[in-house]
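These notes are about the structure you will find just below.
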């Protein structure tokens, strides 16, 4: 069994980029709304549990933050004159703060080098995402996560895992007022999130 199949993940860092699409529901029909793609940085902490020499489960808690310029009205901001001939652009931003948990099943492929292991991963997640701008809302959502990675020894007992993860989820739902005041319409965002992950692996005491 690889050295790090029962390791603690302390910490992991994710750099992610979400390809986003929005949908507004008007009566029984959905209208597609373009949402700017979202960069995000996240931290994660977790624990691995071996099932057999080829399978293990990794459970993690994670939290992240990201922001993107507003384009609800096809503008990035507004220009303000400082009174002496210079203009400044002020930008509106949507800020996303998310936290959640995930459980991934890892399928291991040990390499010829005893200090290196490759794996595929898949599993569900659950998240709470707070979206802060003119609309302040907190949305629960489930996710599907698919990934692949490599882990290797960096010190006598510590290891490092580097991998890629694809996440499918709907982190934001809210009522959009816009030109439909006072009733508003329901809007949700669907995100396809690509992330690069680096995790520090610490074997349990006694290894």
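The values are calculated or read from the model by the stated rules, or taken from the named source; none is laboratory data. Just so you know, these numbers come straight off a predicted model, no measurement behind them. Ideal geometry is used to build each Cβ from the backbone, glycine not excepted, and the neighbour counts take in all protein chains shown.
Across the stretch 5-39, the number of residues qualifying as within 22 Å of the chain's Cα centre (by Cα), in contact (Cβ under 8 Å) with a residue 60 or more places away in the chain and either within 30 Å of residue 119 (Cα to Cα) or in a strand (DSSP E or B) (or both) comes to 18. If you filter the stretch 122-143 down to residues that are part of a strand (DSSP E or B) and over 15 Å from residue 62 (Cα atoms), you find that the one that is modelled with the lowest pLDDT is 132. Consider the stretch 132-151. How many of its residues are within 17 Å of residue 16 (Cα to Cα) and either under 14 Å from the mean Cα position of the chain (by Cα) or surrounded by fewer than 13 Cβ atoms within 10 Å (Cβ to Cβ) (or both)? Looking only at that region, the number is 5.
Among the residues of the stretch 40-67, the ones that are closer than 17 Å to residue 167 by Cα and either surrounded by fewer than 12 Cβ atoms within 10 Å (Cβ to Cβ) or in contact with a helix residue (DSSP H, G or I) (Cβ under 7 Å, 6 or more places away or on another chain) (or both) come to 0 in all. Do we find that residue 121 is closer than 16 Å to residue 48 by Cα, surrounded by fewer than 17 Cβ atoms within 10 Å (Cβ to Cβ) and in contact with a strand residue (DSSP E or B) (Cβ under 9 Å, 6 or more places away or on another chain) in this structure? Here the answer is no, as residue 121 does not meet what is asked. With respect to the stated conditions, residue 2 fails to be crowded, with 16+ Cβ neighbours inside 10 Å, over 24 Å from the mean Cα position of the chain (by Cα) and at pLDDT 85 or above.
Taken as a whole, the condition of being in contact with a helix residue (DSSP H, G or I) (Cβ under 9 Å, 6 or more places away or on another chain) and either under 30 Å from residue 4 (Cβ atoms) or modelled with pLDDT under 70 (or both) applies to residue 72.
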